[in-house]
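Participant: Mind having a look at this structure? Questions to follow.
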Amino acid sequence: MKRIIINGGNTLKGTIKISGAKNSAVALVPASLLSDEKVTIDNIPNISDIDNLNEILKYLGASVERKEDRIIIDPTTIENKAIPEEAATKLRASYYFMGALLGKYKKATMYFPGGCPIGARPINLHLKGFEMMGAKIMQEQNKYTIIADELKGANIYLDMPSVGATINIMLAAVKANGTTTIDNAAKEPEIVNVATFLNNMGAKIRGAGTSTITIKGVKELHHAYTEVIPDRIEAGTYVIAGALIGNQLKIDNIIPEHIDSLLEKLKEMGADISVGVDNVIVSKTDRLNPINVTTLGYPGFPTDLQQPLTTLLTKCDGLSTVKETIYENRFCNAKYLNEMGANIKITDKKIYVNGPSELVGKEVIATDLRAGACLVLAGLVAKGTTTVKNVEHVLRGYENIIEKLNNVGANIKLDEI
Ligand code: EPU
């Protein structure tokens, strides 16, 4: 088991360069197999979720060349086989192989995906989309076999703007006969990144980034190039670190518009931030106002940032609240913040954070990726030493987190027990 040990209290100063977005890259890699020729993707983050997806691609017979942040995938040698349970359950995004294999071969055999234990996370909307396009779904326990004689364009309304279902339906629809429309689609920037990549291959997708996406099926897809957009959640996490304990900490190589909802909340708190074209510079302030946050799909406040933000809320002067509307189980971090000295009342869908609190170093557990990020931030600002256990979760989503933080003055290390 890996753990992160932090000696807290060091001011963070300098520049953190943000990597490619995990939640884009984990869709772009499976999307590659739809191409009939080699594809190249730049700015791929070096995180374990990508390693696990590459393993699945290689298992299927693709050639995967990785050099620094570039990946070249040759899918022409793929054989459509059932993806083993162990590989599928290592991460959530393995579910994108369902849409991609179904789109290309009209058949996919996959297990229910893994991912952080932050709620039930059903995939009914993905499956509903495939069925509406003419696929049949056979389920034996956790194993799904999805087959279509012909995939036909369909009008699909999502009961909820699910990121995964929107992307998976796009993947299945790019080579279908006819036109597919997704209504109430998710609008996250990662969806635009995937649609752009597919269009570079010759797909005909319009409307990505809005709530109606139209996909006109094509027969063939060819070689293509794309770049992964900057990770808005990684960027947001380090901006919060700067507001906690930064001195002119520069978060660089970002698209500030993608974190507008966070920046607006930080301004409401009275944080010291200045927003550039592709960066944010942020410093700690003496006093922060309390705020209320409700998580929503993009462009609302991202659920993935509410846990890291909670660390900062412990420093606000008064009562802040966080209402979580996307997942049922995303407050596990709050219990550990309380052990470190925070004053947080936890209810089912909402937490009440009474600040300001002095945090002290403790041994805590990363129950999921963003809970882990929250606790690392807490360790950076706490008095004494914080040990965050179970940090495999954190390493799934934050490239070089140890180096990036040490480079700006933190005292943090990774070790294995
Ligand atoms: N939902 C359903 N049925 C479905 C699909 C989703 O009820 O078929 C529900 C979910 O249970 C949840 C809501 O819809 O309540 C939204 O889920 P969504 O499908 O949008 O989430 P996801 O695709 O599973 C992605 C990210 C998450 C991020 C969410 C929301 C990936 C691999 N994961 O998950 O990222 O929280 O979108 O933005 O892209 C993370 O990075 O820490 C993370 C959890």
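The values are calculated or read from the model by the stated rules, or taken from the named source; none is laboratory data. Treat the numbers as computed from the prediction; the structure is a model and nothing was measured. Every residue, glycine as well, gets a Cβ built from its backbone with ideal geometry; the counts of neighbours run over all protein chains shown. Remember, those area values only see protein heavy atoms, side chains included, never the ligands or the DNA or RNA. Shrake-Rupley method; radii C 1.70, N 1.55, O 1.52, S 1.80 Å.
Participant: Suppose we filter Ile71, Ile137, Ile56, Ile146 for residues that are under 19 Å from Val174 (Cα atoms), β-branched (Val, Ile, Thr) and either touching a strand residue (DSSP E or B) at 6+ places or on another chain (Cβ under 6 Å) or within 16 Å of the ligand (Cβ to nearest atom) (or both); which single one remains?
Facilitator: Every option except Ile146 fails the conditions.
Participant: Please count how many residues of the stretch 174-188 are open to solvent by less than 10 Å² (accessible area, probe 1.4 Å) and either within 13 Å of the ligand (Cβ to nearest atom) or within 16 Å of Tyr96 (Cβ to Cβ) (or both).
Facilitator: 4
Participant: Something else now. Could you list all residues from the stretch 153-173 that are within 7 Å of the ligand (Cβ to nearest atom), under 15 Å from the mean Cα position of the chain (by Cα) and either open to solvent by less than 10 Å² (accessible area, probe 1.4 Å) or among the aliphatic types (A, V, I, L, M) (or both)?
Facilitator: Once the filter is applied, which keeps residues that are within 7 Å of the ligand (Cβ to nearest atom), under 15 Å from the mean Cα position of the chain (by Cα) and either open to solvent by less than 10 Å² (accessible area, probe 1.4 Å) or among the aliphatic types (A, V, I, L, M) (or both), the stretch 153-173 yields Val163, Gly164, Ala165.
Participant: Next question, about the same structure. Looking only at the stretch 1-39, count every residue that is of a type in the set (Ser, Thr, Tyr) and open to solvent by 30 Å² or more (accessible area, probe 1.4 Å) and tell me the total.
Facilitator: 2
Participant: Every residue in the stretch 86-128 that is open to solvent by 30 Å² or more (accessible area, probe 1.4 Å) and without any contact (Cβ under 8 Å) to a residue 24 or more places away in the chain, please.
Facilitator: Correct list: Glu86, Pro122, Asn124.
Participant: Considering only helices (runs of 4 or more DSSP H) fully contained in the stretch 320-417, which possess at least 2 residues that are acidic (Asp, Glu), farther than 20 Å from Asp231 by Cα and not assigned by TED's automatic domain parsing to the domain that holds Asp49?
Facilitator: Of the helices (runs of 4 or more DSSP H) lying wholly inside the stretch 320-417, none has at least 2 residues that are acidic (Asp, Glu), farther than 20 Å from Asp231 by Cα and not assigned by TED's automatic domain parsing to the domain that holds Asp49.
Participant: If you don't mind, there's one more thing I want to ask. Out of the residues in the stretch 227-249 that are open to solvent by 10 Å² or more (accessible area, probe 1.4 Å) and among the β-branched types (Val, Ile, Thr), which is nearest to the ligand (Cβ to nearest atom)?
Facilitator: Once the filter is applied, the top-ranked residue is Ile229.
Participant: Right, something else. Name the strands (runs of 3 or more DSSP E) wholly inside the stretch 1-57 in which the number of residues that are more than 25 Å from Asn407 (Cα to Cα) and in the same structural domain as Leu171 (by TED's automatic domain parsing) is 1 or more.
Facilitator: Ranges flagged: 39-42.
Participant: Further question: Answer with yes or no whether Ala208 is crowded, with 23+ Cβ neighbours inside 10 Å, modelled with pLDDT of 95 or more, under 19 Å from Gly300 (Cα atoms) and within 12 Å of the ligand (Cβ to nearest atom).
Facilitator: Criteria not met by Ala208.
Participant: Conditions: (1) surrounded by 23 or more Cβ atoms within 10 Å (Cβ to Cβ); (2) of a type in the set (Gly, Ala, Ser); (3) within 21 Å of Leu12 (Cα to Cα). Ala342 meets all but one. Number of the miss?
Facilitator: (3)
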